[in-house]
Amino acid sequence: AVGKECRQQQQADGPDWFFISLFLRVNSCVQNKPLFQCQTIRNITYFLWYFLLFLTFDRAVSQKVVTQRQHLPFVSTFPKSPKFAYLCKHQAHTMLNVETIRKDFPILSRKVNGKPLVYFDNAATSQKPRRVIDTIVDYYTNYNANIHRGVHALSQEATDKYEQARAKIQKHFNAQHRHEIIMTSGTTHGINLVAHGFASILKKDDEIIVSALEHHSNIVPWQMLCERTGARLRVIPMNQDGELVMTAFEALLSSKTKLVFVNHISNALGTINPIEDIIKKAHKVGAAVLVDGAQACPHLKPDVQQLDVDFYVASAHKMCGPTGVGMLYGKKAWLDKLPPYQGGGEMIAEVTFEKTTYADLPHKFEAGTPNICGGIAFGAAIDYLNHIG
């Protein structure tokens, strides 16, 4: 009966919408039939149907079947998934030409097991467009040199390109100052930099709050920090829908809370956390907030000033950029307060055997020779993402 009804809609709206209509009706059945009261069976069923819907929707967009918002009845009625509906709206309005974009990525022209490569592992790392690859080749071919310390032509050119990339990152995330962008080796580096800094701030029985949605690599630095300082780690629980329990978060907050750490989008569930609300509530008790944007930045364009976030971290390699480079945004007041993470060249202003004076931001946190090529290519990746929309 469901199939017959959907076939009638297929004749009116086209073959792709047959599957979408079928999905919506089966989704309703899943929520009501006794067989699907088992959470494991429901999760498996949801995964299969969501996968089918994504394939169908992507095909519809690439063929320009979606031309008007009213062709998307499920956007406003999609059951219990406002976040998914938001992404569908965004994709419908963007109208990306999938085939043209595929041609931007040389690796997608190869075949695996005799078939064109289809790559779904972007949550681990994204592939690189020709623009980024050419930027890397151009650096090593034409102006490879160290930065911030040479007066010769190549060094000056490399320094200019590197700082231009920092400016692109600043503009992309809407940081107030360029020196609030710290170039790192990636998200993990940025998180550990902040954790190291808070070791000099935390006292025994102070509290750090993290969420139950965190990747294990986001838990370990805070456990280590608590071991060093005597602080306590508190965890925001999540419900069966994979969303943070905000009432529990509010109950955890107190004058003892010094830092709240959450991801913007979960790498495991894809949950988009209500970070604006989290930031506002944390600030009311005087706590700083660090947000892991590694999974969010390929899909969203965070405005750090609008969010009023204290720290925000991201990795280039998940944004079509190279591996081994990322960024930490920090409010100037906080970056001035935290001690340097590493000692070495570039992060010092003056050195004597009696005393060392640290360099100004951002160099205070950028000891040694950085990933120069990676930083410049990060800027190229930002350009590419903003170009395709």
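Taken together, the values in this text are just the output of simple stated rules run on the coordinates, not laboratory data. All values derive from a computational prediction rather than experimental measurement. As a convention, Cβ positions derive from the backbone with ideal geometry for all residues, glycine included, and neighbour counts pool all protein chains shown.
Report the charge-dipole magnitude of segment 177-309 in Debye, nearest 20, computed about the Cα centre from +1 at each Lys and Arg Cβ and -1 at each Asp and Glu Cβ.
Once rounded to the nearest 20, the dipole reads 420 debye.
Over the Cα atoms of segment 270-389, Rg to Rh with Kirkwood Rh, two decimal places?
Using Cα coordinates only, the ratio equals 1.03.
Sorted by mean Cβ packing within 10 Å, highest first, what order do the peptides 122-128, 354-360 take?
122-128, 354-360
Between residue 151 and residue 308, with labels modelled 7 Å along Cα→Cβ, what's the label distance in nm to one decimal, could you check?
Between residue 151 and residue 308, the simple spin-label model gives 4.8 nm.
Quick check: convex hull of the Cα atoms in segment 221-314, volume per residue, rounded to a whole Å³?
So the per-residue hull volume is 103 Å³.
Can you pull out the chymotrypsin sites (Phe, Trp or Tyr not before Pro) in segment 106-179 whose DSSP state is coil and whose Cβ has at most 15 other Cβ atoms within 10 Å?
Within segment 106-179, the qualifying chymotrypsin sites (Phe, Trp or Tyr not before Pro) (loop, at most 15 other Cβ atoms within 10 Å) are 119, 120.
By counting other Cβ atoms within 10 Å of each Cβ, how are 313, 220 ranked from fewest to most?
Lowest count first: 220, 313.
Give me the one-decimal nm value for the distance between modelled label points at residue 97 and residue 247, 7 Å along each residue's Cα-to-Cβ direction.
Computed distance between label sites residue 97 and residue 247 equals 5.2 nm.
What are the aspartates and glutamates whose alpha-carbon lies under 17 Å from the alpha-carbon of residue 128, with same-chain residues fewer than 8 places away excluded?
Within the straight-line cut-off, residue 128 pairs with 99, 104, 138, 383.
Find how much the distance from residue 115 to residue 254 grows on full extension, using 0.36 nm per residue of separation minus their present alpha carbon separation; answer in nm with one decimal.
44.4 nm
Could you give the length gained on full extension between residue 216 and residue 351, defined as 0.36 nm per residue of separation minus the Cα-Cα distance, in nm?
In short, 44.7 nm is gained.
Which order do peptides 153-160, 379-386 fall in by mean Cβ count within 10 Å, highest first?
379-386, 153-160
Would you check segment 201-295 for Lys pairs whose C-alpha atoms are within less than 18 Å, ignoring same-chain pairs closer than 8 in sequence, and give me the count?
10
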